[in-house]
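Enquirer: Below are the structure tokens for one structure; questions will follow.
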């Protein structure tokens, strides 16, 4: 349990119990919970939830995703290298499958660099119907919005100062920071990109609850 807790730092005892069963250890979940608490492995209490992610009337600002490639969300994560130099990461998420499609690392990233990062994803995955983002200049510039119009993607802008409206992406960004950025110290953006790419494979495909597993469950209950 301690080994798995170190490997999956933000998992609770329920997910650890599933991992133990996957490894062939038959143990009651109540016993896992008791040992978990005795060893002091429980996670900090969650903060109070903010507003609902979607309005009851399903307004366009909080459009709910209903199938793959329906709504993608994009956002930036900021960090610093070991020499103190800042760098940025563009994160791209499919909101229906919860799959992290890409994390692009660069020293600087404007609207043109965002387009360069999105273009190969469109070739590989196809285009989404909607692209959710905040109102930053990289996402609201005229060249960027013109490009979205040309390829047939409708932009969704969240309300200023309301990052929870991009909740799926914000949650992923928090996981990226906890499990990678806070645990690693990078000297170059190339090194950061390599480590993050390896972590993405684990995030999308490894563990009891993965984005692809969420998608299969959604399709099963649809």
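Enquirer: When only residues in the range 174-192 that are within 10 Å of residue 77 (Cβ to Cβ) and out of contact with any helix residue (DSSP H, G or I) (no Cβ under 9 Å at 6 or more places or on another chain) count, which is surrounded by the fewest Cβ atoms within 10 Å (Cβ to Cβ)?
Expert: Among those residues, the one meeting the criterion is 174.
Enquirer: Only one of these is farther than 24 Å from residue 177 by Cα, exposed (fewer than 14 other Cβ atoms within 10 Å of the Cβ) and at pLDDT 90 or above: 80, 108, 124. Name it.
Expert: Working: 80 fails: farther than 24 Å from residue 177 by Cα; 108 fails: farther than 24 Å from residue 177 by Cα.
Of 80, 108, 124, the one residue that is farther than 24 Å from residue 177 by Cα, exposed (fewer than 14 other Cβ atoms within 10 Å of the Cβ) and at pLDDT 90 or above is 124.
Enquirer: Continuing with this model, one more query. Can you tell me which residues in the range 138-169 are crowded, with 19+ Cβ neighbours inside 10 Å and closer than 30 Å to residue 7 by Cβ?
Expert: Hits for the range 138-169 are 166, 167, 168, 169.
Enquirer: Right, here's the next one. Does the range 84-96 include one or more residues that are within 30 Å of residue 2 (Cβ to Cβ), buried (at least 20 other Cβ atoms within 10 Å of the Cβ), at pLDDT 95 or above and within 21 Å of the chain's Cα centre (by Cα)?
Expert: Taking the range 84-96 and keeping what is within 30 Å of residue 2 (Cβ to Cβ), we get none.
No - not one qualifying residue is present in the range 84-96.
Enquirer: For the range 66-101, what are the residues that are assigned to a strand (DSSP E or B) and free of Cβ contacts under 8 Å to residues at least 24 places away in the same chain? Give the derivation first.
Expert: Filtering the range 66-101 for residues assigned to a strand (DSSP E or B) gives 71-80, 86-94, 100-101.
Passing the criteria: 78, 80, 86, 88.
Enquirer: Could you tell me which residue of the range 28-76 is surrounded by the most Cβ atoms within 10 Å (Cβ to Cβ), considering only residues that are modelled with pLDDT of 75 or more and in contact with a helix residue (DSSP H, G or I) (Cβ under 6 Å, 6 or more places away or on another chain)?
Expert: 73
Enquirer: Here's another thing I want to ask about it. Given the condition in contact (Cβ under 8 Å) with a residue 24 or more places away in the chain and under 12 Å from residue 76 (Cα atoms), answer yes or no: does some residue in the range 143-155 qualify? So that I can check it myself, show each step before the final result.
Expert: Looking only at the range 143-155, we keep the residues that are in contact (Cβ under 8 Å) with a residue 24 or more places away in the chain, and these are 143-144, 147, 151-155.
Then drop every residue that is not under 12 Å from residue 76 (Cα atoms), which leaves none.
No, there is no match, as no residue in the range 143-155 is in contact (Cβ under 8 Å) with a residue 24 or more places away in the chain and under 12 Å from residue 76 (Cα atoms).
Enquirer: Considering only the range 102-144, state which residues are under 17 Å from the mean Cα position of the chain (by Cα) and in a loop (DSSP other than H, G, I, E, B).
Expert: 128, 134
The values are calculated or read from the model by the stated rules, or taken from the named source; none is laboratory data. None of these values were measured; they are calculated from a predicted model. All Cβ positions, even for glycine, are placed from backbone atoms using ideal geometry, and neighbour counts span all protein chains on display.
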